[in-house]
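Read the structure below first, then the notes.
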Amino acid sequence: MIVAGVMSGTSADGINVALVRFAGESGRARRPSPHGRSPHANWHSGFTLLGHSEYQFPAAVRRTILEMMNAELARVADLARLNFLLGELYAEAVEKTARKYRVKVDLVGCHGQTLYHQGTPERFLGRKLAVTWQTGEGAVIAARLGVPVVSDFRPADMAAGGTGAPLVPFLDYFAYRDGRIARIAQNIGGIANLTAIPAGASPAQVTAFDTGPGNMVMDAAMEELFHKPFDRDGVVAGSGRVLDGVVAQLLRAKFFREKPPRTAGREEFGREYVSRLLQICHGASKADVVATATALTARSITDAVQRFVLPRFGLRGGATRRVKSGCQMIVSGGGTKNATLMAMLRNEIAPLGIELHFSDEFGLPAEAKEAVAFAVMAHETWHRRPSNVPSATGAKRAAILGKISHA
Ligand SMILES: Nc1ncnc2c1ncn2[C@@H]1O[C@H](COP(=O)(O)OP(=O)(O)O)[C@@H](O)[C@H]1O
Ligand SMILES: [Mg+2]
């Protein structure tokens, strides 16, 4: 079975498509189920990434998506239109990718575009609710492509008491678990999130949470100061000087002290956050502001690892050096293309005894990994198997994720 995974993240930069082939379902699973079911329960007996592609959103579409994430600007009619428009764009992206690799797709797993995510319950009209909203109409994709579509993965986890995020740990566990090496899967998209997998971990020992901003704050600073969507290859940040005092001040914010599980989005690190950052950096050069935003991402990741991950691994900073098997951070997402960010991150984690690796080394190209994850989860859903990781989302139970639209 060939499944197309489709991801468009909070950066709203575009659509990533991954084509994944799953071997036939054998009676015996080679790997344990993440939900600790019987060892004979089916899990796929392996998958192969056949190809992947990335499509930028046209500038007007990106602008509209960003507007629709802003309650003040979003109108209900436009939200409805955007849902159907994205369905068309996702279908086109899958079609182009399938043609490029001469593959016939059997199933689509589409994450959709998050417009709003509030993972922990808040009071609304007398009830405490955790809510989320992904848009991009599955029925449109199914109709255009003539195959079933699994979409809207997050609500089932939230209905089961979870924060609805992160979901990618399901893939991280199977891709990275190692008997001897403790691993941190660090994705740097708009938001940065990690999955911590202790050496020899069982699924229940996997934790995951958002570390804070990924590219979102840097991107917004670039837009504001240079009228560019992002800092290509990290050249601007590389020419600036980090304002250490500002980074330290920003890291004192409540979000960074919150214990996992925790999730973040534009609600935390969007427009308002960036205008505050620009105020704090008042008087600094433009490149210094971008360098400072870049350092914020690198240091908030390191800070989170030191506070919340190393203790779980039974390691303290520095101690990892003495552990022969060691600890690795495996990075993915658009942030890996930012050389300045990668250099900062490598320097920050090295004293903790953590080596930096790229997901590409594990057969998961940095820009395709999340799309692969949604292909894997869609495949599970199609076979009526759960794919949330309750220890990562805080859900009370395993849940079959997503909604199916038939062609
Ligand atoms: N060549 C590059 N140099 C620097 N940053 C890049 C480059 N390519 C992509 N990025 C960054 O990656 C972001 C997109 O990352 P992505 O993983 O798609 O995030 P999301 O999942 O939020 O959509 C862009 O907004 C940009 O900040
Ligand atoms: Mg993206």
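The values are calculated or read from the model by the stated rules, or taken from the named source; none is laboratory data. It should be emphasised that the depicted structure is a prediction, and the values quoted were computed from it without experimental measurement. Positions of Cβ are generated from backbone atoms using ideal geometry, with glycine treated the same way; all protein chains shown enter the neighbour counts. Surface areas here come from the heavy atoms of the whole protein model, side chains and all, with no ligands, DNA or RNA. Shrake-Rupley method; radii C 1.70, N 1.55, O 1.52, S 1.80 Å.
Put His383, His357, His282 in order of accessible area, highest first, and with a 1.4 Å probe you get His282, His383, His357. Distance between the modelled labels on Arg241 and Arg123, one decimal in nanometres: 4.9 nm (7 Å Cα→Cβ projection). Accessible surface of the range 270-319, 1.4 Å probe: 44 percent of it comes from carbon and sulfur atoms.
For the range 181-260 versus the range 330-407, the inter-centroid distance based on Cα atoms is 14 Å. Over all projection directions, the Cα-based convex hull of the range 139-244 averages an area of 11.2 nm². Averaging 1/r over every pair of different alpha carbons in the range 114-201 and inverting the result gives a Kirkwood radius of 15.5 Å. Charge dipole of the chain (Cα centre as origin; +1 on each Lys and Arg Cβ, -1 on each Asp and Glu Cβ, all else neutral): 1260 debye, rounded to the nearest 20.
As a test of reading the structure, rank Ser285, Ser239, Ser405 by solvent-accessible area (1.4 Å probe, protein chains only), most first.
Ser239, Ser285, Ser405
Rounded to a whole number, what % of the accessible area of the range 60-176 do carbon and sulfur atoms account for, probe 1.4 Å? Carbon-and-sulfur percentage of accessible area, whole number: 54.
Remark on the range 186-278: Rg and Dmax equal 15.3, 47 Å (Cα only). Under the simplified labelling scheme, the Val76-Glu355 pair shows an inter-label distance of 5.7 nm, with each label point 7 Å from Cα along Cα→Cβ. With kT/(6 pi eta Rh) evaluated at 25 °C and eta = 0.890 mPa s, and Rh the Kirkwood radius from Cα pairs, the range 70-170 diffuses with a coefficient of 162 µm²/s according to Stokes-Einstein. When peptides 298-307, 229-238, 266-275, 164-173 are ranked by their average number of other Cβ atoms within 10 Å per residue, the highest-first order is 164-173, 298-307, 229-238, 266-275. The residues of the chain present an accessible area of 43 Å² per residue when probed at 1.4 Å with all protein chains retained. A 1.4 Å probe over all protein chains sorts Trp133, Trp382 by accessible area into Trp133, Trp382, starting with the largest. Of the residues Phe230, Asn347, Ala98, the one whose Cα sits farthest toward the positive end of the charge dipole of the chain, with +1 on the Cβ of Lys and Arg and -1 on the Cβ of Asp and Glu, is Asn347.
Straight-line cross-link partners of Lys369 among the lysines, defined as a Cα under 18 Å from its Cα and at least 8 positions apart when in the same chain: Lys337.
Express the Stokes-Einstein translational diffusion coefficient of the chain in µm² s⁻¹, to the nearest whole number, given a Kirkwood radius over alpha-carbon pairs, 4 °C and a viscosity of 1.567 mPa s. The Stokes-Einstein estimate is 60 µm²/s. Each DSSP beta bridge with both residues in the chain is either parallel or antiparallel, and the antiparallel ones are about 70%.
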